[in-house]
Amino acid sequence: MVLYFASGAVGLVDEVIFFKYLSLAFGATAHASSAVLVAFMGGLALGAMAAARFDARVSRPLLVYGALEIGVGLLCAASPWLFGGVAHLYVAMATGATSLATLEIVRTGLAAAVVLLPTVAMGATLPLVARVAAATAGEGGAAGGARRVATLYGANTAGGAVGALLGAYAVIPALGLATSLRAGALVSVGIGVTAMLLSRRVPVKARATAAPASDGAPRSAPPLATREAVPRGIFVAAAASGLLVFAGEVVFIHLLALVDGTSVYVFGLVLAVFLVALSAGAAASRVLARRAGASALAASLALSGLVLAASLPVWDRLPDLFVAAGPLVPAWWEREVVRGLVAALAIGLPAACMGMTFPLVLAALSSRADRGARIGVATAVNTVASMAGSLLAGFVLLPALGSQRACGAIALAYAATALLVPGPGKHWIGGLAAAVGLLVVAVPRWDLARLSSGANVYFERQPEQGKVVWIDEDLHGGVVTVTRRADITTLWTNGKYQGDTGWQMTPQRSFADVPAMFVPRFGRALVVGVGTGVTVQQTARYPFERVDVAELSPGIVKAARTFFAGINGGVLDEPRVHVRLEDGRNLLVVEKDRYDLVTVELTSIWFSGAANLYNKEFYEVAATKLTEGGVLSQWIQLHHTTVREIASQMATARAVFPHAAFFVRGQGVLVLGTEPLRARDGADLSDLVLADETMDAFIDETCRAGGFTRESLISTDDNLRLEYATPRNNVPSAAGVLDALQSQRSPEVAARLRAR
């Protein structure tokens, strides 16, 4: 039990790191993530099916389990090198590709090349350890074996929850991706060696195959279909559990990004809460089995639907909790506790009920002679259904129904599946299913203005947004809302302010105007991030021959076209402007042509994944995609941050670009070049603060004051320093940041930029 708990913890950390590596290689789009998901879940399903097929031949399952854990450890230890090779192959294969279908095939194939072997090994483990657990049940007999198997599954899930927390808050921030993966590999090898040593004390006989033929030749084991009959409802429940649990997880994470935040820590926190609840459900399944008997499977499904439907009124009240807690929790870690409590309040009970079904499936199968094979099949069915549920929720339910109706649809699906599972007690199961339908219909529509208020950002009530006039939900951009108050229209994503038709237009124009002062020619430009479209419009006002635009969220593009055309002039539909629904970094990686200007206008850097555009490797890619004299421009957030994080962003950029200038025009604008920056005649340099040696002086002074080295400030794809550091500094005010920047200001800098 302890070994499988530890295996769950390590496996979850490995899974998170796999996804991070592959998102860096393929981009952070939903399509790229789906390719990784298909490869990952497909490997788990293949492993479970392999275990089912060869179960009868395994006489020492604990020995084989140990060997598989060692194999997982060795493969994970080698993975950092493999991921590097995949990134290079992807560039070679995807460069110039114009078809999304082609990119999907390339991404899925390359993801499978790295993750398939370790995930196949992971997927084969449950049927093996289930046989050991059932065989060592002692006096409990079949019932004791069933309880042990369910407990084993719960322990593995609880281990995953611990792994989610340790990975997000301790292991990855401290060790980085590669070292974390190799440390986990050592743990996996240790688990494997321990299991192999224990296998000598826990022998489990292989199941007998058919008797030898009369000629003395052994007969092969009978096909699975001819073995001990299993009620169809068990496999229906296994499939439903996978499909609906993962569909619910996608919707929950989508909603909690809006309610709880979108930092890398919040993702780990929400995942941990979800897994703890599933583990609690595994424990509760034993109580339900005793109380409901043969109706337990159907009851678990009906209860899941009922509790999910009953939880719907909670969601749009959650933002009020952040406002109430704000004065009481000034520290970052205290606010993380509040986020965890909010997540538990929102999804704890529904997820716990959802977590009862699959342990009941395992318990039902563990009492059979061919338990290993059957559990392998059920695990494979559950895994494939999980993959289908994730894709269905993300690409169909959320865009078509929105989050509230998607939750209602999942609750109704639980109720309908409960009626399909055979067993006694259909009258009261039917009553529960009917109650689900009534609740889904009766729950009032959420208050969207309150739900998308962004109270989680600063733990205070935000200024009155006005009326929500439009909302768009999908897996790509989360929840995009447009609000209107008086004559001001405002754009929000996941409750975070993105721009408006008022005062924010000036800073957005500066993201084009500032770097344009240094562009030597007007060939091609790339704008990363659409927002309200004002930066794109300002860029297009210069005589560029072509302006490419990279944007992850189709909802933001729709909002810019529909609600902000008055301030962006309908620029997204101009012939010179080409909008690509793609990760900006990935676009640069696969794009063959070079740019005279690349300007990055993103939301706050502490949003999970945003820091990928502030890591050293991004700057290395960008430097190779600029024309001679071309410039890269980035927004630097000056509010809710610290001097150290500003210095970290500059030090990382300066590790690649030998020339840099920093302006303050409402927000910070960093301009970078591989060639000396020369301002155009008549350029307005009044807001120039730092450039080249004065920027280095600011970085060095920050290091001296803090007692750390310049090298320790550099953020890479491996250490992910900015992704993990910036959310921690979202709490304090920006007092002192501007003073520290201005302290190195020199009037001679502007003169040198003009004279070059």
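Tabulated values for the structure
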{"item": "Computed [θ] at 222 nm, deg cm²/dmol, the chain (DSSP H ≥ 4; -39,500 (n - 2.57); rounded to nearest 500)", "result": "-19500 deg cm²/dmol"}
{"item": "Around THR95: net Lys/Arg minus Asp/Glu count, Cβ-Cβ under 12 Å", "result": "0"}
{"item": "For the chain, the longest site-free run once GluC sites (Glu not before Pro) in DSSP loop states with at most 12 other Cβ atoms within 10 Å are removed", "result": "229-459"}
{"item": "Backbone N under 19 Å from the SER743 label point (7 Å along Cα→Cβ), restricted to the stretch 607-645", "result": "638-645"}
{"item": "Loop-located trypsin sites (Lys or Arg not before Pro) in the stretch 601-707, at most 14 other Cβ atoms within 10 Å (DSSP)", "result": "ARG680"}
{"item": "Full-extension gain in nm, ARG201 to ARG580, via 0.36 nm per residue minus C-alpha separation", "result": "130.4 nm"}
{"item": "Solvent-accessible area per residue for the chain (1.4 angstrom probe, square angstrom)", "result": "37"}
{"item": "The stretch 487-640, accessible surface, carbon-and-sulfur percent (1.4 angstrom probe)", "result": "52"}
{"item": "Overall form of the stretch 684-723 per C-alpha gyration tensor (a/c, 1.5; a/b vs b/c)", "result": "oblate"}
{"item": "Extension gain, LEU341 back to PHE522 (0.36 nm per residue minus Cα-Cα distance, nm)", "result": "59.9 nm"}
{"item": "Cα lying deepest toward the dipole's positive end in the stretch 629-755, options LEU720, THR709, ASN730, charges on Cβ", "result": "ASN730"}
{"item": "Span-rule helices in the chain, defined as complete DSSP H runs reaching 27 Å or more along the axis (Cα) with Kyte mean at least 1.0", "result": "2-26, 30-54, 61-94, 100-123, 172-198, 232-259, 264-292, 398-420"}
{"item": "Computed E for ALA565/TYR458 - FRET, C-beta separation, R0 25 angstrom, nearest 0.05", "result": "0.25"}
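The values are calculated or read from the model by the stated rules, or taken from the named source; none is laboratory data. Small disclaimer: the values here were computed from a predicted structure and weren't measured. Note: ideal-geometry Cβ built from the backbone for every residue, glycine included; neighbour counts use all protein chains shown. Protein only, heavy atoms only, side chains kept; ligands, DNA and RNA dropped before computing areas. Shrake-Rupley method; radii C 1.70, N 1.55, O 1.52, S 1.80 Å.
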